[in-house]
Amino acid sequence: MKWYKFIMSETSFSSSVVVKSTPSAIFEVWKWIQSGLETNNFSQNDIFAVHLALEEAFTNAVKHGNRKDSAKKVKIDYLVDLDKIEVTMIDEGEGFDPEDVPDPRYGENLYKTEGRGLLLMRSYMDVVEFNERGNRVSMVKYKEERHRNTKVRAKNANQPIQGNC
């Protein structure tokens, strides 16, 4: 594992790391991310969501992107701050079009034992975006209470504000 940079402030943790394209390589990176999430008081629901999405994205990078070639690498950039985590993962594969991946909730895909990674990533993260080539995924998860408050404000945007401001 090669750490390019690790920056830590009182409330912000960021790093850029390149790891071997092996399934176990994500564990050390997860420890650092988990520590940042816990330090910034993310809920257990948020920590679970990020962990699941990170593992799914990494599994896709290793299995589909780098075709299980352990000589290839996966680059992971992350930033954990007070109200969100941002993760970008880049593999050395040829890429893919995420719109070509069938929805695993319908038809013949319903009973397949794989193909749920993108669905889970999109379900548990607030933002999931791929580059045009399809070998880089960027994900964002907002802290649960911040996101919940944003939804309430948006829902009540046309109602007058009550109470002291």
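Quick notes
To keep it simple, each residue is scored yes or no on (1) modelled with pLDDT of 95 or more; (2) among the small types (Gly, Ala, Ser); (3) under 19 Å from Tyr124 (Cα atoms).
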| position | (1), (2), (3) |
| --- | --- |
| Met8 | no, no, no |
| Val17 | yes, no, no |
| Ile33 | yes, no, yes |
| Leu37 | yes, no, yes |
| Ala49 | yes, yes, yes |
| Lys75 | yes, no, no |
| Glu99 | no, no, yes |
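- Filter result for Ala71 (under 23 Å from Trp30 (Cα atoms), in a loop (DSSP other than H, G, I, E, B) and in contact (Cβ under 8 Å) with a residue 40 or more places away in the chain): yes
- Matching residues, the stretch 93-115, being under 18 Å from the mean Cα position of the chain (by Cα) and touching a residue at least 40 places away in the same chain (Cβ under 8 Å): Gly95
- Of all residues making up the stretch 101-131, the number that are touching an Asp or Glu at 6+ places or on another chain (Cβ under 9 Å) and of a type in the set (Val, Ile, Thr): 1
- Residue in the stretch 102-114 that is under 25 Å from Val18 (Cβ atoms) and out of contact with any Phe, Trp or Tyr (no Cβ under 6 Å at 6 or more places or on another chain) present: no
- Residues in the stretch 56-82 that are surrounded by fewer than 16 Cβ atoms within 10 Å (Cβ to Cβ) and within 15 Å of the chain's Cα centre (by Cα) were compared, and the one that is farthest from Glu114 (Cα to Cα) is Asp81.
The values are calculated or read from the model by the stated rules, or taken from the named source; none is laboratory data. Because the structure is a prediction, the values reported are computed rather than measured. Glycine gets a Cβ as well: all are built from the backbone with ideal geometry, and neighbour counts include every protein chain shown.
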